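Following: one structure in structure tokens, then a few remarks.
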Amino acid sequence: MSAVSGMVFTIMGIWVAFLYPNAISRITGSDKLVVKDFSESRSDAKRLESIVAAILTSAFVMIAALMVILAKIIFFSTPIYLEYRVEFKALALTAVILMTFSQLESVLKVVVSNVMFINDLHVLRQDRQADRDI
């Protein structure tokens, strides 16, 4: 589960750094920031929103996975766990299923962002080719 989260973090971090360098400048503390204007291109704003949502979802999944593992380590040999073992296992299974679907959503957002970017590249290339042909 955390390997997939790490993959999402890596890919989305690269996208943010590549497409939105102001985000990296803001993190590194540069005083000379130019604010990105998303009023012209709603697709850029939507793509950035999708990227940030995927990062946040992956972060929550990673935290939840760590909490499930920690809870198992702490409560595994306690009397309450031994008494309600079936219920705890059902609860853990439910948590894993929810985390899996959340992580799948994040990965799909990564795929959609990549497809949108490739489509934008093809449209831009075709527009440039059409301008050259004129």
Candidates ALA23, ALA59, ALA71 - the one that is closer than 30 Å to VAL123 by Cβ, among the small types (Gly, Ala, Ser) and either touching a helix residue (DSSP H, G or I) at 6+ places or on another chain (Cβ under 9 Å) or modelled with pLDDT of 65 or more (or both): ALA23
State whether one or more residues within region 77-87 are under 30 Å from the mean Cα position of the chain (by Cα) and surrounded by 11 or more Cβ atoms within 10 Å (Cβ to Cβ). no
Test: residue in region 119-133 that is assigned to a helix (DSSP H, G or I), hydrophobic (A, V, I, L, M, F, W, C) and surrounded by 11 or more Cβ atoms within 10 Å (Cβ to Cβ): no
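The values are calculated or read from the model by the stated rules, or taken from the named source; none is laboratory data. Source: prediction; values computed, not measured. Every residue, glycine as well, gets a Cβ built from its backbone with ideal geometry; the counts of neighbours run over all protein chains shown.
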